[in-house]
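What follows is a set of notes on a single structure, which appears directly below.
Derivation of every value follows stated rules applied to the coordinates shown; laboratory data play no part. Just so we're clear, the structure is a prediction, and the values are computed from it rather than from any experiment. Reconstructed Cβ throughout: ideal geometry from the backbone, glycine too, with neighbour counts over all protein chains shown.
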Amino acid sequence: MIYYLIGVLIMAAFSYIPRFLPLTFYRKKIESPYLQSLLYYLPYAALGALTFPGIFHATPHLYESLAGATVAFYFAFRNKSLIFVAVSGMIACYVAYLIMTYIH
Amino acid sequence: MLTYKTGLKKGIPIALGYFPVSFSFGVLCVSHQLPLGLATLISFTNVTSSGQFAGVNLMLSQSTYFEIALTLLMINARYFLMSLSLSQKIEEKMTTLQRLLISFVVTDETFAIASLESQPLTFSYMAGLMTLPFLGWGLGSLCGELIMDLLPASVQGAMGIALYGMFLALIVPPSRKSKEVAIVVVLSVALHCLLHYVPLFAFMGDGFKLITSILISAAVGAKLYPKEENV
């Protein structure tokens, strides 16, 4: 039990250290245009890599994920709100699941 | 000015996406006979997915504390970059205590949402943005531990897509507006798929694959299409 508690403590510490160090102590403005550009593109790059290929494996069955991904992509392309896109994707997954269960 | 309520709303899809993941984390821990409550404790103190799964794996094989620390540090190295990026976007007047508090729930998702805001990030907004994901993450594990099978698998499955739906809503419109952003997004998607599916790269951990794809594509974008002041 002690082993697990110390283990969790170490895990927590090494999850927190990289998060708080720059945010708390780096108070200057980054001047380098290259670094500024890098930081500008960072969230887009992060979101792209976070979405794919994860979106294909987001649900237990590939067909559910594909249905959800297609519908969500369509509404995202139409500039719908975050919540709308997220919920429409969930509904599409669930409907795809119901249809496939019915067919089988 | 960005308010608590604005942040809270944007946290909803994140929390929805987190819940089933941390739920399965809770189930996983209990099914491996870890002490009851440990999964919830881990989720509330770590607030990160890949790091937690890796850490528990290591503890199950009775690894040394040093191995746990080193693995977690490598998996979580990306947060250093995200935290640095956020340090440029938060209000200058934010106090040290406030900075320490919001650092606790810097995740891939909260970072991405926060850094796409055009106004300076206030403490209220960050606190709002992080409230529901933090609760969703911690309570998801608690439910997973206690009930194991609270939600039907079909509903759990459908919830998994919410997070990705939100991501699409965040990257598709700006990619339509800016060719540069679109190229960076496509590059990062291609790289991450490549690292994920080509067996040659199986030796890389998931966190390492993610940070490699992100860094290379953002670096290429910055090299090819430098941004002027005030980005």
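Per residue of peptide A:67-79, the mean number of Cβ atoms on other chains within 10 Å of the residue Cβ is 5.
Which of the lysines could a cross-linker span from B:K179 if the Cα-Cα distance has to be under 19 Å and same-chain partners fewer than 8 positions apart are dropped? Filter leaves B:K223, B:K227. Take the Cα of A:H57, step 7 Å toward its Cβ, do the same at B:K9, and the gap between the two points is 3.5 nm. Please give the helix B:206-224 orientation as an angle from the longest Cα principal axis of chain B, in degrees from 0 to 90, rounded to the nearest 10. Approximately 0 degrees, to the nearest 10.
Straight Cα distances below 18 angstrom link B:K9 to the lysines A:K80, with same-chain residues fewer than 8 positions distant left out. Which net charge results when you count Lys and Arg as +1 and Asp and Glu as -1 among the other residues whose beta-carbon is under 10 Å from that of A:L82? Net charge in that neighbourhood comes out at +3. Contact order, relative form, for chain A: 18 percent (alpha carbon pairs under 8 Å, 6 or more residues apart, mean separation divided by residue count). Projecting the Cα atoms of B:S103, B:T131, B:I90 onto the charge dipole of chain B, computed from C-beta unit charges around the Cα centre, puts B:I90 farthest toward the positive end. What you get for chain B, charging only the Cβ of Lys and Arg (+1) and of Asp and Glu (-1), is a dipole of about 500 debye around the Cα centre. Computed from Cα atoms, the angle from the helix B:123-147 axis to the main principal axis of chain B rounds to 20 degrees. Please determine, in degrees from 0 to 90 and to the nearest 10, the orientation of helix B:49-60 with respect to the longest principal axis defined by the Cα atoms of chain B, where the helix direction is its Cα long axis. Once rounded, one gets 30 degrees. What the phi angles of the range B:170-182 give under the Karplus curve with 6.51, -1.76 and 1.60, with θ = phi - 60°, is a coupling list of 8, 9, 5, x, x, 5, 6, 7, 10, 4, 4, 4, 4 Hz, glycine and proline written as x.
Projected label points at B:V198 and B:K177, each 7 Å from Cα along the beta carbon direction, are separated by 3.4 nanometres. Near the amide H of A:T59, within less than 5 Å, lie the amide hydrogens of A:S65, all on another chain or at least 5 residues away, with H placed in the peptide plane. For chain B, the mean residue ellipticity at 222 nm estimated from helices alone is -25000 deg cm²/dmol, where every DSSP H run of n ≥ 4 contributes -39500 (n - 2.57) and the total is divided by all residues, rounded to the nearest 500.
Each residue, A:I2 and B:D206, gets one label point 7 Å from its Cα in the Cβ direction; the gap between the two is 3.3 nm.
Along the charge dipole of the protein assembly as shown, pointing to its positive end and built from +1/-1 on Cβ of Lys, Arg, Asp and Glu, which listed residue (B:C193, A:T24, A:L35) has its Cα farthest out? Farthest towards the positive pole: A:L35.
Taking amide H as placed 1.01 Å from N in the peptide plane, B:I90 has its amide H under 5 Å from the amide H of B:L121, each at least 5 places away in sequence or on another chain. Helix screen, chain A: DSSP H segments with Cα axial length of 27 Å or more and mean Kyte-Doolittle hydropathy at least 0.5 are A:2-25, A:33-51, A:82-103.
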